[in-house]
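Worksheet: one structure, shown below.
The values are calculated or read from the model by the stated rules, or taken from the named source; none is laboratory data. No experiment lies behind these values; they were computed from the predicted model shown. Every residue, glycine among them, receives a Cβ derived from its backbone with ideal geometry; neighbour counts consider all protein chains shown.
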Amino acid sequence: MIEVGKKYIVKIEGYNHKGSGIAHVDKFVVFIPDVIIGEIVEIIVKKVNKNYGYGEVVDILSVSNLRVMPVCDIYKKCGGCNLQHMEYKEQVNFKENKIIESLEKIGNLKNVKIDKFYSMSIPYEYRNKVQVPFGIVDGFVSAGFYENKSHKIINMDFCHIQFKEANDIVVKTREYMKQKNIAPYDEVVHYKFGKDFGLFRHLLIRKGYNTNEIMVVVVLTEENEKFLNNYVKYLLLHCKNIKTIVLNVNNNITNVILGNYEKVLYGDGYIRDKINDFVFRIHSRSFFQVNTKQAEKLYLSAIDMAELKYSDILLDAYCGIGTIGICSSRRVKKVYGIEEVKESIIDANENKVLNNIKNVEFIHGKVEEEILNLVNNGINITVAILDPPRKGVKESVLHALREIKCKKIVYISCDVGTLARDAKILVSLGYNVSKIRGVDMFCQTHHVETIVCFKL
């Protein structure tokens, strides 16, 4: 019987969906992070559940030639990346297999083959959005990322997957707070006593990769004008390409980063970025893919898989700020975008005007309801592109698309598990899988973007 705290020698046989290695101890499954298929390792068992356990590497006895030295000094502590120990081609191999296994095991699809997989030539410095908490660690002002499975901040000077200017802004802000004796947010004090919990809570930093415009959102527990006036001057003096600075106030006991109150301190309150020759305004709360270069490939690939014709009426479901609908607009007769978040619809309509698009209409509402409203108004939707959040698509949406006899559905997913669940439903409704593609949107992590085309 496997025991917590006991050491075992095991061979890594595969990966789970999060990229941890799979091994067996007397036929009992153990998941082990930071290993590669084929390696023989000594582990210590940290936790045992009914059907599986978790181990930690003590020593690598046989090292894979696919193992590389992580570039990040805090890789093993930080919860942001978990595949830096793998050569990049092995990361891609893992993600391709993850797509195939999920669609076969969860979606019950047979003989799954990936038509194309879009990797990155340089899988670093790709994130265009960074959220950094500030706090006190061991008596000092700290800023970085949370330790894996905790709320302890790991101090960070340089993150290799985010843009360089963000690193500079974080470091300069931390230095400024130390100089001026500005108290960072103390989560523990706030939770216990509800007061005297510090001023500076988070930095949210965004960049338009094709425009070099940078937004800084400073999240405080109150609007402190004296601090803000001096801090804005300091940032603009020491950091490049800042187009706008926004104050956000959040004094709630919550792990939600942004509060409800915002005020523009410098600039217009937004930045712009380009995707496939279209310009998009991005505000503090706007959803925009975190990897601009790969987003261009993602959207072009999805549009290509949809095989759009000028006579098509396209549904852009979960349209966000209108990126897919606007990028598709020149290829179809009409686009209807539906989004439940009101602020995103406001952004989408701004972007439609910004790009001088006349054949796109954005609708605020629930996708499952608005599809039927469109049909009841005589709209014949011929193609749908779905780009839902991680939780996937409501089953009622899939039934609504079948009910209106939508011929083609292109499903973009950031969670292949929920995609596989929804694929099973679509196949049961009579749809066939036409093409499957993968996009490495989140290099150095276990996440992967998947595109599947379904035809009726």
**Study point:** residue 348, sole failed condition from (1) touching a Leu at 6+ places or on another chain (Cβ under 8 Å); (2) farther than 23 Å from residue 439 by Cα; (3) of a type in the set (A, V, I, L, M)
**Key:** (1)
Check your understanding: residue 266: under 28 Å from residue 180 (Cα atoms) and either within 22 Å of the chain's Cα centre (by Cα) or without any contact (Cβ under 8 Å) to a residue 40 or more places away in the chain (or both), yes or no?
Key -> yes
Check your understanding: Is it the case that the stretch 55-68 has a residue that's touching a His at 6+ places or on another chain (Cβ under 8 Å), within 28 Å of residue 8 (Cα to Cα) and surrounded by fewer than 18 Cβ atoms within 10 Å (Cβ to Cβ)?
Key -> yes
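Considering 14, 19, which residue is crowded, with 18+ Cβ neighbours inside 10 Å and within 30 Å of the chain's Cα centre (by Cα)? Spell out the reasoning first.
Values: 14 fails: crowded, with 18+ Cβ neighbours inside 10 Å.
It is 19.
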Review point. Counting just the residues of the stretch 1-10 that are buried (at least 16 other Cβ atoms within 10 Å of the Cβ) and not in a loop (DSSP other than H, G, I, E, B), which one comes out nearest to the chain's Cα centre (by Cα)?
Key: 10
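Are there strands (runs of 3 or more DSSP E) fully within the stretch 71-184 with at least 1 residues that are touching a helix residue (DSSP H, G or I) at 6+ places or on another chain (Cβ under 7 Å), closer than 30 Å to residue 433 by Cβ and not assigned by TED's automatic domain parsing to the domain that holds residue 238? List them.
Numbers: elements: 116-118, 129-137, 140-146, 153-155.
Per the criteria, 116-118.
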**Study point:** Leading residue by the ranking (farthest from the chain's Cα centre (by Cα)) among those in the stretch 370-385 that are loosely packed, with under 15 Cβ neighbours inside 10 Å and part of a helix (DSSP H, G or I)
**Key:** 376
Revision key, fill the gap. By residue number, the members of the stretch 415-434 that are of a type in the set (A, V, I, L, M, F, W, C) and surrounded by fewer than 20 Cβ atoms within 10 Å (Cβ to Cβ) are 425, 427, 429, 433
**Study point:** Restricting the stretch 296-315 to residues that are more than 17 Å from the chain's Cα centre (by Cα) and closer than 18 Å to residue 439 by Cβ, the residue that is surrounded by the fewest Cβ atoms within 10 Å (Cβ to Cβ)
**Key:** 300
Practice item. Please enumerate the residues belonging to the stretch 85-143 that are among the basic types (Lys, Arg) and touching a residue at least 60 places away in the same chain (Cβ under 8 Å). Key: 95, 98, 105, 113, 116, 127, 129
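Within the stretch 94-128, can you find the residues that are among the polar types (S, T, N, Q) and out of contact with any Leu (no Cβ under 9 Å at 6 or more places or on another chain)? Even if it seems obvious, please write down each step before you answer.
Within the stretch 94-128, the first condition is being among the polar types (S, T, N, Q), and the residues that meet it are 97, 102, 108, 111, 119, 121, 128.
Scanning the stretch 94-128 gives 97, 108, 111, 119, 121, 128.
If you scan the stretch 285-295, which residues turn out to be closer than 18 Å to residue 349 by Cβ and either surrounded by fewer than 17 Cβ atoms within 10 Å (Cβ to Cβ) or modelled with pLDDT of 95 or more (or both)?
Step one: of the stretch 285-295, the residues closer than 18 Å to residue 349 by Cβ are 285-288.
Passing the criteria: only 285.
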**Study point:** Check on residue 363, in contact with a strand residue (DSSP E or B) (Cβ under 8 Å, 6 or more places away or on another chain), in a strand (DSSP E or B) and more than 20 Å from residue 273 (Cα to Cα)
**Key:** yes
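Looking at the stretch 185-208, which of the residues that are outside any helix (DSSP H, G or I) and of a type in the set (Lys, Arg) is farthest from residue 445 (Cα to Cα)? Steps first, answer last, please.
Start the filter on the stretch 185-208 by keeping residues that are outside any helix (DSSP H, G or I), which leaves 185-186, 194-208.
Pick out the ones that are also of a type in the set (Lys, Arg) and you get 195, 201, 206-207.
Details: 195: 37, 201: 26, 206: 20, 207: 21 Å.
Among residues in the stretch 185-208 that are outside any helix (DSSP H, G or I) and of a type in the set (Lys, Arg), the one farthest from residue 445 (Cα to Cα) is 195.
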Check your understanding: Going through the stretch 402-428 one residue at a time, which ones are modelled with pLDDT of 95 or more, more than 21 Å from residue 101 (Cα to Cα) and among the aliphatic types (A, V, I, L, M)?
Key -> 409
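Could you look through the stretch 32-46, keep only residues that are closer than 25 Å to residue 92 by Cβ and surrounded by fewer than 19 Cβ atoms within 10 Å (Cβ to Cβ), and pick out the one that is nearest to the chain's Cα centre (by Cα)?
Here is the first cut: in the stretch 32-46, the ones closer than 25 Å to residue 92 by Cβ are 32-41.
Keeping just the survivors that are surrounded by fewer than 19 Cβ atoms within 10 Å (Cβ to Cβ) gives 33, 37-38, 40.
Details: 33: 21, 37: 26, 38: 30, 40: 33 Å.
Of everything passing the filter in the stretch 32-46, 33 is nearest to the chain's Cα centre (by Cα).
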**Study point:** Conditions (1) modelled with pLDDT of 95 or more; (2) part of a helix (DSSP H, G or I); (3) of a type outside the set (A, V, I, L, M): number failed by residue 269
**Key:** (2)
